Structures are given as structure tokens and as C-alpha cells.
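Worksheet for the structure shown next.
What follows draws every value from the coordinates through simple rules; no lab data is involved. Keep in mind that what you see is a predicted model, and the values were worked out from it rather than measured. Positions of Cβ are backbone-derived with ideal geometry, glycine not excepted, and every protein chain shown enters the neighbour counts.
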Amino acid sequence: MPTVSETISQLQAAFPSTAVTEFRGEKRVVVKKEDLFAVLRLLKERLGFDLLVDITCVDYLNYRGATDRFGLVYLLTNIAENVRLTLRVMLNEPDLAVPSATPLWTGADWLEREVWDMFGIQFEGHPDLRRVLMPDEFTAHPLRKDYPMQGRGERHNFPVLRRAES
Amino acid sequence: MPITPATLRNANSSEQDYLWTLNFGPQHPATHTTLRIVLKLDGERVVDAIPDIGYLHSGFEKIGEHLDYNQYVTVTDRMNYISPIANNVAWHHAVEKLLGIELTPRCKYIRTLICELARISDHLLSTGAMGLDVGAFTFFLYAFYQREKIYDIFETLCGARFTNSYTRVGGVMHDITPLVIEKVRAFLREFPKTIDEMEKLVNRNRIFVDRMKGVGVLSKEEAINRSATGPVARASGVTRDLRKDEPYLAYKDLDFKVCCAKAGDCFARYYVRIAEMRESLKLVAQAVENIPAGPVNVGVDERAILPTKQQVYQTIEGTITHFELVMTNRGFTVPNDESYGAIEAPNGELGFYLAGDGSDVAYRARCRPPSFIHFSMFPYLIRGHTLSDVVAVLGSLNIIAAELDR
């Protein structure tokens, strides 16, 4: 029965650069961007992490002591053993492209679309990387920290369709 | 010749001329909220469905970076508005995990109690609306009548029927009163009869069963692969329930079963919800009779919740805590770290990924919305079924657009 520490030791054996932190009893691993897809595949296919709970992102622009701009977060669960693992990968501009997780989990589809929509992280190999919440003509990525709370006036410039034109 | 989704993508447009495009929504009685689906129809058969969401997007996650941990609870009310009190609990569960606060036993029981009442009220509406969409109107009225009773309980508990905002960091708004307990007991006496009647109305009803069975089948493997949680996953045979797997609040002390089905179709999702209501009823009955005595909120030394007026005026610790929490340049003691806390909300796993930066406003407040993930599998579920099955599948997934778009 693999516990989370066994999982991490196997992960570190395969990818020696994996860093581990712990907070409130939760183990988190940080992997390098080049290894991301291989790590995810190892976790899914060999270590039994079959449920992708969430993909999200944090923009560390104003974060005290942060060295990287974006932290992409994968929350994974091994249902059979009831083990959770948080996996993070750090990204910096201008290289904001990571391999998509859709070949491993179909559920990654909309989650990655949302991260692209809100943060502008590109997922290479995603079948349909369109905006999911914001309208298609929107140009910014609103959850980035340099985007103001009140917007930049996009809303006022949305095209208005009259009844006759629609 | 019937067109499969694969040929649809590969075929050039002239071969698809006879396909009819139908806009379903954004305003349609059967979507219940504002979402749009573009359906490609071959006669009455759905060849492909393209969901278009975002009509209700109001930037809840952006707002979460500007409101403090207590203020944001009012926003979580507006996410899944058919079980708002469960969202309150989910939010403060995540916040307390980040802050490292351990609740008092009394608070744990009260939160468990309201969570399970919220689950009953959610499942009443979702199964009721499912029945409404496929033509069982009386069924919906039976369900909604009982839902009103739960609203009454919540109104007595916290003054609001719908948007409760009942929880606070380290406790609740105010303690539970004997009148609430009395109303919960009355509900416990009355409700089993209604649920029996509801089951009698539709479980063997030819129209209902024919429209639900075998429609929108989700296999166990696909459910896991597509990140399904909650009743949708359990109806496909995934035996995962955070109340059992990662016991939070008082679930460790209480006796209940995890309800699962194997079929994975709309009827299984309906049936799992009905069975869960019965289990929730057992939980409510146990929780309401076993609420421990003692303080409901954490002590003043935690510096999380406003102390009572008596403590503020008569003890120095109370005065200091009040000052620390009320002054704008002070507030909670938040670590510079990130954590993910999740509960089993009525709709699935509802979690918040929080990044704290030392201030009492979250640096990042990500909500893991179950509706969003369940709706992403809608095209997969509906392909090959008829137009009338669209509402059955939508209803059985319990899509709440406010949670979908946030």
C-alpha cells in the first residue's frame, strides 16, 4: 500500500530534481517544467493517481519572496489508496507553454481552458484551447495580478447587437 | 446514414448540410439558469453538443483576492445557490485549514447538521427539477414543499432563508437555539413520509423510468477519467465520498453509508440522490441529538473570531483580540503558504485552493467547482441521444450556472 511518502520517494528516484515541501500535513512536490508530462504520466500510469481533482494557477507577481511569476498547480488523488498529492510547476515569462494533460485525463480539458482563459498559460497539444468563461473577443487574462479589479474598459467596448442584426 | 461525431469533424461542410443547428438557451426553462448549448441535430438525434458558458461569470475568484476571509463568505453563498450553507462551510473549512484553527466540538456538530440539511435541500431541488423536466410536475411540488421547511429552519438559525452566510472563521455567526432543534425534530418526523411518497410517484412510473434509464451512461472508468465527484461519480460506481475518505467535522463519530449505483445513467444519478437524502436524514437525526455542550466558537487566544461583548469589556484578552481583529491594519495571523481544503458538497467535491500572504485577504482563492467539471462531460453524455434527453441529462448532472461560471 503506497503511502504519500513512498510515492514521493519513487518520484524522486525517477526525477532527482523534485523538491518536496510540507504544510498542514500535505506533501507538495515541485517539478521542473521539462519533466512535467513525464511526471504526470508516471503518477497516472505507475503510481495510481487516477483522479485529477483540479488544475489551477497562482500569479506570484506581488508575492513576497517569490522568484517565479506563475505557479501551475495540479491536485491529484489516488482513489484506491486515498492519497492526495499536490504537484506544482513554476513558469516564467515569456515561456508560458506547458504540455497538456488531456492525453492522460480527459477531465483536464476544461480545467486547462480555464487556466488559459484566466492566466494565459498555453497548453501544447490541447485539442480545443479556447476561452471558456470570458468572451472570445476578450484580449486580457483577468486573474493575472497586473489586471485591475475593475477591468480595463473591455466591457464598455463590447459590440452591442441590435435585434435586427442578431 | 447516421453521422457519428468522428465523421462530423472530418466531413466537409457540404456533407453535413442536412444537420440542423439548434441553440439551446441561454434563456430556456429547462436550463434553469443561464447557459447555452449549441446542438447539432440529425432529425431528432443529437450528433454533437457544444456548450457555451460564461454568461454568469462575475469574477468570484478575483473578488476573493480583495475581500477578507470573513467577507468572502457572502460571495460563496452565490456560487451554488441551492445549497449555500454548504458553500459557507466549504470556504471556512479551507480557510481554517490554511490558518491552522481547530474548531470546538459543538461547532463541528452544528456545521455537520447544517451541511446535511443543505444536502437534503439540494437533492430535493435537483431530483425535483429532474422530475419537472421530464414531466413529473407533482413530484417537484412535493419536493419543494419540504425544501421550504428547510428554508424555515435556516431562517430560524441565522435570519436568512436563502443566502445564509452562517459560518465565520473559527466558528459560526451565533449559537444554535432550542427553537431550531425543535424545528429540525419536526422536520425529521415529517420528511420520511414525503420521501416515500416521492419514490412511490416516480420510481416505477413508466414515463419517468423510460426517459431516465439508459440515458447519458457514464462508465466508472470514464467518471474517474473525467474527474467526476459526488453523486455523479457514485452513480457510476466510484466509491469515493470525502465524508468517509477524509473525515472532516463530526463525520467520524456518526454512522452513515455511502450510496452508490452501478448503472451510471440518469436514473442511477436520481436514485443515488434519493438514497443520499435518506442517509443525510440519519446523519441529521444523530447530529441534532448529540450536539455537545460547551463554547461554539474558538477561544480568544486563537485570534480568529470576535469575542463576546462580555469578554471584550471584562477581560484584557478579549479587548486585545477585539482590537486585533477590528483594526484595518491587523487581522488574522495567516501563514505565507498554500493549502487546499475540500468538503463533500451536495454536488461533489467543493474545494478551495488558498494562497495566504500574511494579510487577512487571500492572495489567491481558487474554487474547485463540481458543476464546471460535470458540465464538461455533457457533450460526451448526450451524443447519440435525442433532443428530449438533453433536459434529462442536464437535470441529472445538477448544473448550477452560478457555480459553473463563478
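Over chain B, what lengths in whole Å, largest first, do the semi-axes of the equivalent ellipsoid take, defined as the square roots of 5 times the eigenvalues of the alpha-carbon gyration tensor?
Values: eigenvalues 329, 127, 55 Å².
So the equivalent ellipsoid measures 41, 25, 17 Å along its semi-axes.
For region A:82-116, list residues with backbone N below 14 Å from a point placed 7 Å from the Cα of A:Arg41 toward its Cβ?
Correct set: A:99-105.
With N set to the number of residues, divide the alpha-carbon radius of gyration of the protein assembly as shown by 2.2 N^0.38 Å and report two decimals. Provide the component values of the computation, followed by the final result.
Details: Rg = 23.9 Å, N = 572, 2.2 N^0.38 = 24.6 Å.
Scaled against compact globular proteins, the figure is 0.97.
Below 16 Å, Cα to Cα, which aspartates and glutamates can B:Lys220 reach? Residues fewer than 8 away in the same chain don't count.
A:Asp50, B:Asp241, B:Asp265
Kindly write out, for region B:151-159 in residue order, the coupling ³J(HN,Hα) from the Karplus curve 6.51 cos²θ - 1.76 cosθ + 1.60 (θ = phi - 60°), rounded to whole Hz, with x marking Gly and Pro.
Values per residue, Gly and Pro as x: 4, 4, 4, 5, 5, 5, 6, 9, x Hz.
As a footprinting exposure proxy, order A:Thr102, B:Thr127 by other Cβ within 10 Å, with the fewest listed first.
Values: A:Thr102 18, B:Thr127 30.
Lowest count first: A:Thr102, B:Thr127.
Given the pairs A:Lys44/B:Lys213; B:Lys262/B:Lys282; A:Lys27/B:Lys97; B:Lys252/B:Lys282; B:Lys108/B:Lys257, which are separated by over 26 angstrom at their Cα positions?
Numbers: A:Lys44/B:Lys213 32 Å; B:Lys262/B:Lys282 23 Å; A:Lys27/B:Lys97 14 Å; B:Lys252/B:Lys282 14 Å; B:Lys108/B:Lys257 20 Å.
In this structure, A:Lys44/B:Lys213 lie more than 26 Å apart at Cα.
Suppose each label sits 7 Å from its Cα in the direction of the beta carbon; what would the A:Ala140-B:Asn23 distance come out to in nanometres?
2.8
Note down the nm distance, to one decimal, between modelled labels 7 Å out along Cα→Cβ at B:Glu324 and at B:Lys252.
Rounded to a tenth, the inter-label distance reads 2.6 nm.
Once region A:1-121 is represented by equal point scatterers at the alpha-carbon sites, with solvent omitted, what log10 I(q)/I(0) does the Debye formula produce at q = 0.14, 0.17 Å⁻¹?
Debye curve over Cα of region A:1-121, log10 I(q)/I(0) at q = 0.14, 0.17 Å⁻¹: -0.57, -0.86.
Enter the Cα centre distance for the pair region B:143-214 and region A:106-133, rounded to the nearest angstrom.
37
In whole Hz and in residue order, list the ³J(HN,Hα) couplings for region B:65-74 that follow from phi through the Karplus curve 6.51 cos²θ - 1.76 cosθ + 1.60, θ = phi - 60°; x for Gly and Pro.
8, 10, 10, 7, 4, 8, 5, 5, 4, 5
In whole Å, what is the distance between the alpha-carbon centres of region B:334-389 and region B:297-329?
The two parts, judged by their Cα centres, are 33 Å apart.
Enumerate the amide H contacts of A:Ala97 below 5 Å, restricted to partners 5 or more residues apart or on another chain; note that Pro and chain-start residues carry no placed amide H.
Amide H neighbours of A:Ala97: A:Gln122.
Measure out, as a whole number of angstrom, how far apart the alpha-carbon centroids of region A:59-101 and region B:52-91 sit.
Region A:59-101 and region B:52-91 have Cα centres separated by 23 Å.
Could you name the aspartates and glutamates in cross-link range of B:Lys309, using Cα to Cα under 19 Å and dropping any fewer than eight places away on the same chain?
B:Asp175, B:Asp301, B:Glu317, B:Glu324
Output ³J(HN,Hα) for region B:388-399: one whole-Hz value per residue in order, computed from phi by the Karplus curve 6.51 cos²θ - 1.76 cosθ + 1.60 with θ = phi - 60°, and x for Gly and Pro.
5, 6, 4, 5, 5, 5, 4, x, 6, 7, 6, 7
Could you work out how much longer the chain between A:Ile79 and A:Gln122 gets when fully extended? Use 0.36 nm per residue separation minus the Cα distance between them, nm to one decimal. Mind showing how you got there, number by number?
On the way: separation 43, 0.36 × 43 = 15.48 nm, distance 2.87 nm.
12.6 nm is the gain from fully extending A:Ile79 to A:Gln122.
Under 18 Å Cα to Cα from A:Lys145, which lysines show up? Leave out anything in the same chain fewer than 8 places away.
Counting by Cα, and skipping residues close in sequence, A:Lys145 has these lysines nearby: B:Lys62.
Any chance you could give the angle, 0 to 90 degrees and rounded to 10, that helix A:4-14 forms with the longest Cα principal axis of chain A?
90
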